[in-house]
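A.B. asks: Sharing a structure with you now.
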């Protein structure tokens with residue numbers, strides 16, 4: 001069965017958005033692993049929200065927010081992360097550290113990874129280290 005791609009402007013169904021987000025997170029995790037990061041957790045949730053990826057970059061704990069888009073038609077993926085989201089990520093980083101006291105890290109930082117997944121093209125990954 002061959003499915004036609006949605007026409008421009010078509011609103012994606014929730015399942016399509018979830019799949020796009022998962023694929024973007026998989027691309028981000030592969031990218032970070034290739035850089036030498038060690039992924040220690042994915043999609044961790046608590047009452048305050050969710051962390052997409054938690055990794056170790058040497059002795060530094062890195063909380064990673066991943067934003068995935070099909071195109072830049074509505075802006076760059078990283079533009080979707082505002083100051084309120086960065087503040088929430090800092091709170092979530094503290095909650096993760098308290099819940100995982102056995103993971104030793106000298107410090108913590110917040111990274112952002114934007115992933116463009118154009119249809120039938122290779123993923124484009126943009127990485128902003130130490131966003132907060």
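The values are calculated or read from the model by the stated rules, or taken from the named source; none is laboratory data. On a predicted model such as this, the values are computed, not experimentally measured, just so you know. Cβ atoms come from the backbone with ideal geometry, glycine included; neighbour counts cover every protein chain shown.
A.B. asks: If a residue must be more than 14 Å from the chain's Cα centre (by Cα), modelled with pLDDT under 95 and buried (at least 16 other Cβ atoms within 10 Å of the Cβ), how many such residues does the stretch 71-122 contain?
C.D. replies: Number satisfying all stated conditions: 1.
A.B. asks: Out of (1) free of Cβ contacts under 8 Å to residues at least 60 places away in the same chain; (2) more than 20 Å from residue 131 (Cβ to Cβ); (3) buried (at least 16 other Cβ atoms within 10 Å of the Cβ), what's the single condition that is false for residue 20?
C.D. replies: Looking at each condition in turn, residue 20 falls short on (1).
A.B. asks: Name the single residue, out of those in the stretch 48-57 being surrounded by fewer than 18 Cβ atoms within 10 Å (Cβ to Cβ) and modelled with pLDDT of 95 or more, that is nearest to residue 128 (Cα to Cα).
C.D. replies: Step one: filter the stretch 48-57 for residues surrounded by fewer than 18 Cβ atoms within 10 Å (Cβ to Cβ), giving 48-50, 56-57.
Pick out the ones that are also modelled with pLDDT of 95 or more and you get 49-50, 56-57.
Values: 49: 21, 50: 19, 56: 16, 57: 14 Å.
Within the stretch 48-57, the match that is nearest to residue 128 (Cα to Cα) is 57.
A.B. asks: Output the number of residues of the stretch 58-70 satisfying the condition of being more than 14 Å from residue 130 (Cα to Cα), surrounded by 13 or more Cβ atoms within 10 Å (Cβ to Cβ) and more than 14 Å from the chain's Cα centre (by Cα). Explain how you work it out, then say what you get.
C.D. replies: Taking the stretch 58-70 as the starting set, the residues that turn out to be more than 14 Å from residue 130 (Cα to Cα) are 58-59, 67-70.
The next check asks that each one be surrounded by 13 or more Cβ atoms within 10 Å (Cβ to Cβ); those that pass are 67-70.
Keeping just the survivors that are more than 14 Å from the chain's Cα centre (by Cα) gives 70.
Residues meeting the conditions: 1.
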